[in-house]
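Trainee: Structure provided below as structure tokens; questions to follow.
The values are calculated or read from the model by the stated rules, or taken from the named source; none is laboratory data. Not measured: the values here are computed from a predicted model. Neighbour counts run over all protein chains shown; Cβ positions are idealised from the backbone, glycine included. Ligands, DNA and RNA are stripped out before the accessible areas are found, and what is left, the full protein with its side chains, is counted by its heavy atoms. Shrake-Rupley method; radii C 1.70, N 1.55, O 1.52, S 1.80 Å.
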Amino acid sequence: MNYTSFNKNEEFFVDMQRCIGCKACEMACAECETNGQETLIHVNYVDRASTIQTTVQVCMHCDDPVCANVCPADAISKDENGIVHTANTERCIGCSNCVMACPFGVPKKEESYDLMMKCTMCYDRTSIGKKPMCATVCPSGALFFGTRTEIEEMRPNSTPVNTFIFGKEIVNTKVNIMMPKGSTELIIY
């Protein structure tokens, strides 16, 4: 029997150009009861010496999560909804393989817990039909959780992209980055 009501039509969209660096997403994430009051989303400055531009960093929930693939303790799992979960506390050995392997630099080892922690797309909320905390508080719309039709209406000059190319590696993700209209992939050098 399925006890969740995860809406498979809703997706997570990140529009980096809209991030204003307010850190409301970090505060909302830290208030979540399931992650020990630690923020699992991060706002970063692009080049603090020359600009105030910020970006928001969330787990991309890769289709083939390298963080889980390199875990020797099999502590990281991906569920049937495509959510890559934070490390299982009973299995994680704190080796940081996942931290080093993630092409997006998302997992963080929390030394005080000796555990890898990362965004789970607020699984406690999304599994019962609610939106992730960060997306509900973002005042600029840099973070949005909804349908592809909704985001296309809101951002007619942008296209959601979830294919990333790192050298010869192609990484497909559950989370989308908003790119200029017509884009199909993001090449990272």
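Trainee: Mean residue ellipticity at 222 nm from the helices of the chain, using -39,500 (n - 2.57) per DSSP H segment of n ≥ 4 over the full residue count, to the nearest 500 deg cm²/dmol?
Mentor: On the way: 6 runs with 32 residues, N = 189.
Per the formula, -3500 deg cm²/dmol.
Trainee: Still on this structure: Using 0.36 nm per residue of separation minus the Cα-Cα distance, give me the extension gain between Gln53 and Asp79 in nm, one decimal. Could you put the intermediate results ahead of the total?
Mentor: Numbers: separation 26, 0.36 × 26 = 9.36 nm, distance 3.42 nm.
Gain on extension, Gln53 to Asp79, equals 5.9 nm.
Trainee: Sum up the lysine pairs in the chain that clear both bars: alpha-carbon distance under 12 Å and a spacing of 8 or more or different chains.
Mentor: Numbers: Lys8/Lys174; Lys78/Lys174; Lys108/Lys118; Lys109/Lys118.
Taking the Cα cut-off of 12 Å, the pair count is 4.
Trainee: What are the extents of the Cα atoms of the chain along their three principal axes, listed from largest to smallest and rounded to whole Å?
Mentor: Here the Cα extents, ordered largest to smallest, are 46, 45, 33 Å.
Trainee: Another question about this same structure. May I ask for the percentage of alpha-carbon pairs in region 50-122 that lie more than 20 Å from each other?
Mentor: On the way: 701 of 2628 pairs.
Value for region 50-122 (Cα pairs over 20 Å): 27 percent.
Trainee: Taking a spot 7 Å from the Cα of Lys181 along the direction of its beta carbon, which residues of region 121-165 have an amide N less than 18 Å from it?
Mentor: Under cut-off, by backbone N: 148-161.
Trainee: Right, another one. Give the accessible surface of the chain per residue, rounded to a whole number of Å², with probe radius 1.4 Å and ligands, DNA and RNA excluded. The partial results should precede the final answer.
Mentor: Values: 10250 Å² over 189 residues.
Per residue, the chain has an accessible area of 54 Å².
Trainee: Figure the gain on full extension for Thr34 and Thr147 (residue separation times 0.36 nm, minus the Cα-Cα span) and round it to one decimal in nm.
Mentor: Numbers: separation 113, 0.36 × 113 = 40.68 nm, distance 2.54 nm.
Between Thr34 and Thr147, full extension yields an extra 38.1 nm.
Trainee: So, one more: Could you give the size of the charge dipole of region 13-146 about its Cα centre, using +1 on the Cβ of each K and R and -1 on the Cβ of each D and E, expressed in debye and rounded to the nearest 20?
Mentor: Numbers: 11 positive and 16 negative charges, 80 e Å.
Roughly 380 debye for region 13-146.
Trainee: Quantify, in whole percent, the carbon and sulfur part of the accessible surface of region 47-99 (1.4 Å probe; protein heavy atoms only).
Mentor: Numbers: 1280 of 2740 Å².
Here it works out to 47 percent.
Trainee: Rounded to the nearest 0.05, what FRET efficiency do Arg91 and Asp63 have when you use their Cβ-Cβ distance and R0 = 30 Å?
Mentor: 0.85
Trainee: Taking 0.36 nm per residue of sequence separation and subtracting the Cα-Cα distance, how much length would be gained by fully extending the chain between Lys168 and Tyr189, in nm to one decimal? Numbers along the way, then the final one.
Mentor: Numbers: separation 21, 0.36 × 21 = 7.56 nm, distance 1.04 nm.
The Lys168-Tyr189 span can extend by a further 6.5 nm.
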